1. What span do the alpha-carbon atoms of the protein assembly as shown cover on each of the three principal axes, reported in whole Å from largest to smallest?
2. What ranking, highest mean first, results for peptides B:317-327, B:229-239 when packing means the other Cβ atoms within 10 Å averaged over each residue?
3. Using R₀ = 35 Å, calculate the FRET efficiency as 1/(1 + (r/R₀)^6) where r is the Cβ-Cβ separation of B:C47 and B:Y346; round to 0.05.
4. Is the shape of chain B best called rounded, prolate or oblate, per the rule: a/c under 1.5 gives rounded, else a/b larger than b/c gives prolate, else oblate, with a ≥ b ≥ c the square roots of the Cα gyration tensor eigenvalues?
5. Could you list, in their original order, any pairs among A:K107/A:K225; A:K90/A:K160; A:K107/B:K149 whose Cα atoms are separated by more than 20 Å?
6. Obtain the nm distance between the two label points defined at A:A57 and B:A300 by a simple spin-label model: each point lies 7 Å from its Cα along the Cα-to-C-beta direction.
7. In whole Hz and in residue order, list the ³J(HN,Hα) couplings for the range B:222-233 that follow from phi through the Karplus curve 6.51 cos²θ - 1.76 cosθ + 1.60, θ = phi - 60°; x for Gly and Pro.
8. What are the aspartates and glutamates whose alpha-carbon lies under 16 Å from the alpha-carbon of B:K302, with same-chain residues fewer than 8 places away excluded?
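Rule-based calculations on the coordinates, nothing more; no lab input. Just so it is clear, the model here is predicted, and its values are computed rather than measured. Ideal geometry is used to build each Cβ from the backbone, glycine not excepted, and the neighbour counts take in all protein chains shown.
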Amino acid sequence: MELLFLLIVDGMFLGCLYAISAFGFVIIYRSTGVFNFAHGGFVAIGAFSFLMLACWAKLPLFLALILTLLGSFGFGYLVEYVTLRPLAGKPIIYPIILTVGLAVILKGFLTLMTNMGNCYTLDFPTKFTLQWTNLNAPYSVLSIFIIMLILLITIALFIKFSSFGIFMRAAADNRSAAFSLGVNVKEMFSFSWALAAVLASMGGIGLAIIKGLTLYEIISWTGLKVFAVVIIGGLHSISGVIFGGIIIGLIETLTGTYISTSLGEMSPYFCMVLFLFFRPYGLFMKQPNIS
Amino acid sequence: MNKLQIYSCGAFNESYINNLTLFTTGFGRLSLCCGLLFLAVLPFLCCPYVLFLLNTAGIYAMAAVGLNLLTGHTGQLSLGQGACFGIGAYTAAILVSKLELSFFLAIPAAGTLAVLFAIVFCIPATRLRFIYLAFITLAGQLIFDYLIKWMPLTGGQEGIVINESGLFGLDLNDDRIVYYIVFLCLIGFTWMAVNVTRTSYGRAFSALRINPRATEALGISVVKFRMLSIAISSFYTGLAGGLFTLHMLAITPELFNLWLSIEFIAMIIIGGLGSISGSIMGACFIVVLNEFLVFVTDIATKNDLLVDSAMTKLALREFSIGIIIVLFILFQPKGLHGIWRNIILYFRRWPFS
């Protein structure tokens, strides 16, 4: 019983991290209409740079976190600026295939990096273990999670209330109307990509800490689980993403422990297929739309 | 109907039937015949290594033609083409090695089974927005990777090796025989694909890509034609998988993972979306690129620049193919087919180009 409780807590925690990264995916989809197949790559690159800064360069964790988030903001902006902006007005299939290409580039880049140096088994030194009676975690790690939580709330409030966030949502809602009312739609698109990259790397940092991942595991297609989360929550829905993340996290942890680890890794995809068969628009979306 | 002339400048399409003809001039027909003749004598001209590559390229080209009907014409992105290819390959291998059927029966069976799997799996996606097909095929590909490694029927990690290798008394270890089988299939099915694209089915597919709602209003069933497009493309891919077994005579699960699906997408992007000849060019490009990268990694490992050869080869392939996809989409969205067309048009309009 105690094990079950532990697993549920663990799974929900994992699910929240999935939800954070999937939140970025939904932001990109809602504002630009592009399905970012490279989102898993963004997660991996965030985790990679955090581990490099924290374990290899031996920076303090707080500094590593801030540097990673700033770097991923710039990275997301740059990706949109260089690759997706020239494709505006092309059929939507081109940007989507382009993100598949980006995903492959990121994966290849990370594998090359691990081969070049001796960082093959870069592991987080202070493993974070959650236990029923005592929370066995160093304060530095705990403070990182608190900082990330604060950041997440700030981002949500920022999107909801600041004028910049309102411009962003306007551009997402109807880009030509927003453009004619003086919103700089191009900047908004870049900005939402940057924000999504920040959210993805936040999820990646969390995963790197909680699982104590070796780099090779990050590089494998961990990030693809984001799609399962998004399908379950519904592509449009931000609140659905949280539920989807928690469901996926729970299913993955429980199947992984009680049945087999490899099946646990696969269970999100089985779940995704079931949802596509019986509730394709996710838990919270209703509109049937065939175009 | 067909004027015997070299330049197409005087050939106007005066009726709808004219618009459907394959060759506007006799010159096009002549060059096609010359090309086929060249392909027929090719195995006697080149060395075994090049012949092996040609066979691989031909098999990939068939799968790429099928994917291009789905992605280029119907506008549906599929990330599970590798699984389709794998289902075809495994079906053929199991039928030949366990049930001792001839390849002549096993290869069509491979295509048929791939179609069955694809249709059952893609039923929900036909009713939804086009992107859901990408999601469901991605999930299908990953599930296929998982199942194929754990099922006892497929031989697990070791895969399946075929000892019996004969087809009507022909020796399949001889690459020339395989070459003729592969290229007869490729030519036949490319011809069929061309016919599909220029008849009412192909037009329905294109209409679906451009505006599904208007297509539905015109009385063309979206679900039926999407399903048809998925079925055709998975038949091509499954058949190519069966031919792959015939070509390799030994298969392992690693050959059919998500990476193969991405390679197929790279082929049609490099060749040009919606162009049949482009997909063949793209397949050749990918095969040559892979060989080139093997060559590069060999040099790099010999000079101690890179540590682990096998890992680096994979990473380098991923990196370079990703870069090529991105560059082609950004700078040459019409692909190699577009480049080829530009060259042809340059000469055709020569003094004024």
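1. Projected onto the principal axes, the Cα atoms of the protein assembly as shown cover 83, 64, 51 Å.
2. Ranking the peptides B:317-327, B:229-239 by packing returns B:229-239, B:317-327.
3. Efficiency, from the Cβ-Cβ distance: 0.55.
4. It comes out rounded by the Cα gyration axes.
5. A:K90/A:K160; A:K107/B:K149
6. With each label point 7 Å from Cα toward Cβ, the separation is 2.4 nm.
7. 4, 4, 5, 6, 5, 4, 4, 5, 4, 5, 4, 5
8. Partners found: none.
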